[in-house]
Amino acid sequence: MDNGNSLKIKNGFTLWFTGLSGAGKTTITDIVEKQLRHEQVPIEVLDGDVVRTNLSKGLGFSREDRDTNVLRIGFVADLLTRNGVGVIVSAISPYKEARDEVRRNVGDFVEVFVDAPVEVCADRDVKGLYAKAYSGEIPEFTGVSDPYEAPAAPELHLHTDQEEAEESAQRVIEKLVELDYLERVQETSRA
Ligand SMILES: Nc1ncnc2c1ncn2[C@@H]1O[C@H](COP(=O)(O)OP(=O)(O)O)[C@@H](O)[C@H]1O
Ligand SMILES: [Mg+2]
């Protein structure tokens, strides 16, 4: 942001993006991350796809394994959050109960529902997974053959079929300001 204002972190937070595969979690995360890093806000990203190659390696897609994955991400997010870091989690996290448990543990939890109809996500089919899910090649696929429990009261609800990713990202940052995790400070040194 180059309007003479810069952003400062006031308190650690966990920004938790939940939604179907292809809804736009990673895309929006990247924009928010980039902007906050540019503002020198301490940021760490935990992306579900990445976490499954290390922290949660070996876990599958049963409800139990999905919940374990979410709780592990939540554990790390909590450690960082309480040390003043802004954490961005980008994970399908389909079950409400597990998300709510993380919310209780972390406290400073900002849930963002990254929402697009499954048809739109399947149309995008970023990774070619929906084609495989519909053909049955991939079982237990969220939104196709496995449940997704939408958040009942997320802090923010983004409709990525109706707004640009950049617009969604700005709404996320505004929400963090509104909730007092970030503050705008006037840059007095600028002419
Ligand atoms: N408004 C939008 N917000 C986010 N992504 C969008 C939007 N419109 C189109 N897209 C596209 O949808 C895809 C979302 O993929 P991705 O971010 O990897 O989803 P996820 O991480 O939720 O699985 C990307 O190809 C992105 O360019
Ligand atoms: Mg992703």
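Condition check for Arg99 on (1) away from ligand 1 (no atom under 16 Å from the Cβ); (2) within 27 Å of Glu166 (Cβ to Cβ); (3) of a type in the set (Lys, Arg): one failure, at (1).
For the residues Val172, Val177, Val126, the requirement of being within 30 Å of His38 (Cβ to Cβ) and not in a helix (DSSP H, G or I) singles out Val126.
Cβ-Cβ distances below 8 Å connect the following pairs, each with a first residue in the stretch 102-128 that is closer than 11 Å to Gly24 by Cα, a second residue that is within 11 Å of ligand 1 (Cβ to nearest atom) and part of a strand (DSSP E or B), and a separation of six or more residues or different chains: Phe113/Thr18; Phe113/Leu158; Val114/Phe17; Val114/Thr18; Val114/Leu158; Asp115/Leu158; Asp115/His159; Ala116/His159.
When the residues of the stretch 24-64 are filtered to those that are polar (S, T, N, Q) and in contact (Cβ under 8 Å) with a residue 60 or more places away in the chain, which remaining residue is surrounded by the most Cβ atoms within 10 Å (Cβ to Cβ)? Quick ask: steps written out before the conclusion?
Going through the stretch 24-64, the residues polar (S, T, N, Q) turn out to be 26-27, 29, 35, 40, 53-54, 56, 62.
From what is left, the residues that are in contact (Cβ under 8 Å) with a residue 60 or more places away in the chain are 26-27, 29, 35, 62.
Details: Thr26: 19, Thr27: 18, Thr29: 23, Gln35: 18, Ser62: 11.
Looking at the filtered set, the residue picked out is Thr29.
Within the set Arg63, Arg52, Arg37, Arg82, the sole residue that is under 22 Å from Val144 (Cβ atoms) and more than 16 Å from ligand 1 (Cβ to nearest atom) turns out to be Arg63. Here is the figure for the stretch 28-55: residues that are of a type in the set (Ser, Thr, Tyr) and away from ligand 2 (no atom under 14 Å from the Cβ) total 0.
None of the figures in this text is laboratory data; all of them are computed from the coordinates on show. From a predicted model like this one, the values you see are computed outputs, not experimental measurements. Quick reminder, even Gly has a Cβ in these numbers, built from the backbone with ideal geometry, and neighbours come from all protein chains shown.
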